[in-house]
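Worksheet: the structure to be examined is printed underneath.
The values are calculated or read from the model by the stated rules, or taken from the named source; none is laboratory data. No experiment lies behind these values; they were computed from the predicted model shown. In this analysis, Cβ positions are derived from the backbone assuming ideal geometry, glycine residues included, and neighbour counts consider all displayed protein chains. In case anyone asks, the SASA skips ligands and DNA or RNA and just uses the protein heavy atoms, side chains included. Shrake-Rupley method; radii C 1.70, N 1.55, O 1.52, S 1.80 Å.
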Amino acid sequence: WNAGIKEWNINCVRSEVKSVAKEGEGFVVRTANDVYQARAVVLAIGIQGSPRLLNIPGADLPHIHYTLSDPDKIQGQQVVVVGAGDAGIENALALCEKNSVVLVNRSPELARAKAANIKLVEDAIKRGKIHVHHSSTPKSISQDSLTLDTPNGAVVVSCTHLIARLGAIMPRKFLESCGVKFTSESPEAPPIVN
């Protein structure tokens, strides 16, 4: 990132954005330290800072994580990855060669990920590198196991390390304060675009 900023001579300001408001033909962007005027604003804010959290008994245990920074630091563990979107699948694939990996998917099939990721994880499942529980949700967690709600009742799986990739919570209040409108009041509602 720093090399790109330098190469393209980008005026990069590191400050928290407090507001974005339409004024005339342009916008006024207020940060913690200054005010900027712009013809256009791109809200590339990301939402990984606000991951959706597990809401089950034991969710505060220290072996539960919401990101995977370095898969090489986890070896010889009973890892459960909750969430079968691209992030969850990529985490499971990165961990499956040096760990026992279980992937928990709330849907009956792998459908929320890119086709290439689905193919890779299906191959790993066929080779026995990853075990998957479809139509399942976490019910409770202890220091060494996770209880799942499955179509066949409660199932307990070994778990010494859990990575929950459950998506993230959109900063809706901030977006609405910038003038972004949504299709409904639902927290999952997409923004209205023209």
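Given springs between every Cα pair under 10 Å in a Gaussian network model of the chain, which of 100, 140, 184 has the largest fluctuation?
In this elastic network of the chain, the residue with the biggest mean-square fluctuation among 100, 140, 184 is 184.
Decide, for the range 42-92, between rounded, prolate and oblate: order the square roots of the alpha carbon gyration tensor eigenvalues as a ≥ b ≥ c, take rounded if a/c falls under 1.5, and otherwise choose prolate if a/b is larger than b/c, else oblate.
oblate
Top mean-square fluctuation among 155, 35, 104, Gaussian network model of the chain, C-alpha springs under 10 Å?
So, out of 155, 35, 104, the one fluctuating most is 35.
Assuming a ≥ b ≥ c are the square roots of the Cα gyration tensor eigenvalues, decide whether the range 132-194 counts as rounded (a/c under 1.5), prolate (otherwise, with a/b larger than b/c) or oblate.
Here the range 132-194 falls in the prolate category.
Using a cut-off of under 13 Å, list every residue of the range 151-186 whose amide N is near the label point 7 Å from the Cα of residue 41 along the Cα-to-beta-carbon line.
Only 174-181 fall inside the zone, counting backbone N under 13 Å.
Skipping prolines and chain starts, which residues have an amide H placed within reach, meaning under 5 Å, of the one on residue 81, given they are 5 or more residues away or on another chain?
Placed amide hydrogens put 102, 103, 104, 163 under 5 Å from residue 81.
Express the relative contact order of the chain as a whole percentage, based on alpha carbon pairs under 8 Å and six or more residues apart in sequence.
22 percent
Expressed as a whole percentage, what fraction of the accessible surface of the chain belongs to carbon and sulfur atoms when a 1.4 Å probe is rolled over the protein heavy atoms?
52 percent
So which residue, out of 60, 72, 149, gets the largest mean-square fluctuation from a GNM of the chain using Cα contacts under 10 Å as springs?
Taking springs between Cα atoms under 10 Å, the residue moving most is 72.
Divide, for the range 1-107, the radius of gyration over alpha carbons by 2.2 N^0.38 Å, where N is the residue count.
Relative to the 2.2 N^0.38 Å estimate, the range 1-107 comes out at 1.57.
Between residue 7 and residue 114, what FRET efficiency follows from the Cβ-Cβ distance if R0 is 25 Å, with the result rounded to 0.05?
E(calc), rounded to 0.05, equals 0.30.
Per residue, how large is the accessible surface of the range 142-189? Use a 1.4 angstrom probe and give square angstrom.
56 Å²
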